[in-house]
1. Based on what the data block shows, is Phe384 over 18 Å from Thr286 (Cβ atoms), crowded, with 18+ Cβ neighbours inside 10 Å, of a type outside the set (A, V, I, L, M) and touching an Asp or Glu at 6+ places or on another chain (Cβ under 9 Å)?
2. Tell me yes or no: at least one residue of the stretch 186-204 is touching an Asp or Glu at 6+ places or on another chain (Cβ under 9 Å) and within 22 Å of Leu305 (Cβ to Cβ).
3. Which of the residues spanning the stretch 365-378 are touching a Phe, Trp or Tyr at 6+ places or on another chain (Cβ under 7 Å) and either among the small types (Gly, Ala, Ser) or in a helix (DSSP H, G or I) (or both)?
4. Go through the stretch 346-370 and give me each residue that's buried (at least 24 other Cβ atoms within 10 Å of the Cβ) and small (Gly, Ala, Ser).
5. Being touching a residue at least 40 places away in the same chain (Cβ under 8 Å) and not in a helix (DSSP H, G or I) is the requirement here; does Glu94 meet it?
6. Which of the following residues is crowded, with 17+ Cβ neighbours inside 10 Å, polar (S, T, N, Q) and free of Cβ contacts under 8 Å to residues at least 24 places away in the same chain: Thr236, Thr173, Thr226, Thr219?
7. Just to check your reading of the model, which residue among Ala319, Ala330 is at pLDDT below 95, over 12 Å from Val435 (Cβ atoms) and surrounded by 24 or more Cβ atoms within 10 Å (Cβ to Cβ)?
8. Is it fair to say Ala307 is in a helix (DSSP H, G or I), buried (at least 24 other Cβ atoms within 10 Å of the Cβ), in contact with a Gly (Cβ under 6 Å, 6 or more places away or on another chain) and of a type outside the set (Val, Ile, Thr)?
Amino acid sequence: MTSIILLSVFGILNLFLGFLRSNKVLLPGAMLLLLAVFGANYADWNVVHEPYFNHMLVVDNYTVAFTGIVLLTTILLLPFSRSYVTSGEPNLAEYYALLLFSLVGAIMMIGYDHLLMLFVGIEILSISMYVLAGSSKRDSRSNEAALKYFLMGAFATGILLFGIALLYGATGTFALSQLATAVAAPANASLQPMLYIGILMMIIGIGFKVSAAPFHFWTPDVYEGTPTFFTAFMSTVVKTAGFAAFLKLLAVALPAAQGFWMPTIQAMCALTLLLGNVGAAAQTNTKRMLAYSSVSHAGYLLIGLVASKGVLQGEAASAIFFYSLAYSIATVAAFGVLKLVTDHRKDDSYAGLNGLGKTNPLLAFVMTVAMLSLAGIPLTGGFFGKFFLLAAAVGQGYIGLVVFAVIMSMVGLYYYLRPLIAMYLKPAPEGATPVPVDGIQTVTLVVLALLTILLGIVPGFMSGIL
């Protein structure tokens with residue numbers, strides 16, 4: 001709760017900082033504010049809080065852990081907005097304020113204990129993202145991305161809200177614990193069809209938010225058109241909050257309906273892995289490849305939902321937490337390098353990375369670590385992220401799903417190695433100069449690479465938290 005209050009206050013304060021007409025104040029100011037929020041969130045670990053807002057929001061270790069991921073991700077991402085500072089972007093204060101407000105929505109999605117709080121959190125996060133997707137007003141691709149995201153997001157939100165209404169009609173409550181009791185012992189058997197349709201519609205609505213197939217169709221175009229900085233935020237923070245909310249819905253409110261939703265989640269998982277990996281392999285644009293890659297990673301996280309079998313704590317929940325952390329760090333590193341290169345070379349295709357190993361060894365090294373982690377290569381956090389998820393699934397007997405996921409991981413090797421080939425085996429464009437990287441960006445890139453390697457060497461210090 002402290003994190004939500006601080007972010008709301010800091011978001012408004014950040015708008016007032018914009019009146020100073022000095023972008024140089026905004027970036028360090030936003031980072032310091034987020035570091036303060038991160039510290040306040042950490043202080044809530046193992047502290048017992050009474051539920052807030054009439055039992056609509058809870059702050060427990062589950063909430064603190066996933067909130068820590070979204071805050072850390074945003075802190076590590078902010079240095080790559082440096083180009084907005086140096087260009088004198090007139091709307092920078094508004095951009096940072098929207099990011100802070102969107103984090104409020106993300107935390108509500110993580111800590112909700114009431115379906116209306118989930119809906120409010122999703123809307124706060126989504127509306128901020130609709131605006132940021134179209135923040136490059138003079139770029140037709142950005143305008144197209146914002147329009148597509150808004151229209152399809154509005155339909156998905158409508159479906160989600162209709163599902164919430166049907167669940168209420170079938171059970172008479174929005175509270176998760178009461179929902180679990182009502183689903184386990186229905187008072188009126190004739191309302192079961194309404195309950196199942198409501199569950200299905202909620203799965204569709206949240207599936208859209210996390211880019212799970214077959215509700216992923218918006219992802220490539222929106223990710224490609226959105227400014228790269230905000231694409232990175234969208235593919236990490238939104239996905240982490242979405243899966244934290246998804247797990248809580250299935251594990252706290254609907255464990256008794258597992259026989260209904262489990263086949264649906266399994267089918268979504270297999271389809272997401274297939275379409276995400278095959279789609280990424282067909283791309284020639286690095287940004288679109290990362291978009292389809294984001295879809296494929298939603299498939300791996302869905303394996304965690306399958307393996308959880310309606311339990312909020314345990315091996316599967318810890319695996320989802322670890323995977324979300326490793327994926328977020330590697331994705332911020334990849335998008336950070338891509339943004340720096342694209343700003344300088346004006347090319348976000350694989351060819352834009354040509355020769356980067358010679359002109360910018362640090363950028364090439366960080367991108368290499370990120371790609372290897374996303375591919376699940378040993379000695380990176382991504383390897384243990386996949387290992388923990390697949391081990392949890394094997395422990396629950398889902399051998400066929402695990403074998404399919406391993407095959408899809410082999411497909412992933414193909415498209416994750418393409419940036420490495422471009423950076424180290426292709427010559428740099430004629431007349432290419434080194435990509436400029438300032439001090440704070442250099443430090444952030446080194447930290448991202450070290451964190452990824454650290455998670456791959458000593459994963460025990462972050463696994464088993466939940």
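The values are calculated or read from the model by the stated rules, or taken from the named source; none is laboratory data. Here the structure is a predicted model, which is why all the values come from computation and not from measurement. Methodologically, a virtual Cβ is constructed for each residue, glycine included, from the backbone with ideal geometry; neighbour enumeration extends over all protein chains shown.
1. Working: over 18 Å from Thr286 (Cβ atoms): yes; crowded, with 18+ Cβ neighbours inside 10 Å: yes; of a type outside the set (A, V, I, L, M): yes; touching an Asp or Glu at 6+ places or on another chain (Cβ under 9 Å): no.
So Phe384 fails the test.
2. Step one: list which residues in the stretch 186-204 are touching an Asp or Glu at 6+ places or on another chain (Cβ under 9 Å), which gives none.
No: zero hits.
3. Met371, Leu374, Ala375, Gly376
4. Answer for the stretch 346-370, where residues must be buried (at least 24 other Cβ atoms within 10 Å of the Cβ) and small (Gly, Ala, Ser): just Ala370.
5. Details: touching a residue at least 40 places away in the same chain (Cβ under 8 Å): yes; not in a helix (DSSP H, G or I): no.
No.
6. Numbers: Thr236 fails: free of Cβ contacts under 8 Å to residues at least 24 places away in the same chain; Thr226 fails: free of Cβ contacts under 8 Å to residues at least 24 places away in the same chain; Thr219 fails: free of Cβ contacts under 8 Å to residues at least 24 places away in the same chain.
Of the residues listed, the single one that is crowded, with 17+ Cβ neighbours inside 10 Å, polar (S, T, N, Q) and free of Cβ contacts under 8 Å to residues at least 24 places away in the same chain is Thr173.
7. On the way: Ala330 fails: at pLDDT below 95.
When all the criteria are applied, what remains is Ala319.
8. no
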